[in-house]
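The values are calculated or read from the model by the stated rules, or taken from the named source; none is laboratory data. Because the structure is a prediction, the values reported are computed rather than measured. Here the Cβ is made from the backbone with ideal geometry for all residues, glycine too, and neighbour counts use every protein chain on show. In case anyone asks, the SASA skips ligands and DNA or RNA and just uses the protein heavy atoms, side chains included. Shrake-Rupley method; radii C 1.70, N 1.55, O 1.52, S 1.80 Å.
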Amino acid sequence: MTVLVFLIILLLSVVVFIVPKSSKYYFSFTLLTVCVILSSVWSIEALSGNSPEIKITYQLPFILKTFILTIDRLSAFFIIVVNITVFVGFIYTRGYLSPYYQSKNSLRFSIH
């Protein structure tokens, strides 16, 4: 179930290009927050579990392949570090991108 949520969020990230410019930050912030929470839950599970790694498996129905994500304790630690860095950086970008908000159109603002 959690992998399905992750895949839905991955697909929704493309929608940022058609969201109105006034809602882009909040839409992206919501997607980012859900991804950070989801990957942090997986990482905390790997760090606190009895097994040295966790395997998250999902069968992709449209290409008939199995997607396997393996998280060991070292990668779990770095996932948490990256999550904190990305989350804080995203909060900072609101002020950083404010000069571009007026001068760029919606698509260029999304790419920037």
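Worth pointing out:
- Output for the stretch 5-29, where each listed residue is polar (S, T, N, Q) and either surrounded by fewer than 13 Cβ atoms within 10 Å (Cβ to Cβ) or not in a helix (DSSP H, G or I) (or both): S22, S23
- If you go through the stretch 30-58 and keep only what is of a type in the set (F, W, Y) and closer than 21 Å to F78 by Cα, you end up with just W42.
- Residue match in the stretch 52-66 (condition: over 30 Å from P20 (Cβ atoms), touching a strand residue (DSSP E or B) at 6+ places or on another chain (Cβ under 7 Å), of a type in the set (K, R) and touching a residue at least 12 places away in the same chain (Cβ under 8 Å)): yes
- Annotation: of all residues in the stretch 34-69 being over 13 Å from V3 (Cβ atoms) and among the polar types (S, T, N, Q), the one that is most open to solvent (accessible area, probe 1.4 Å) is N50.
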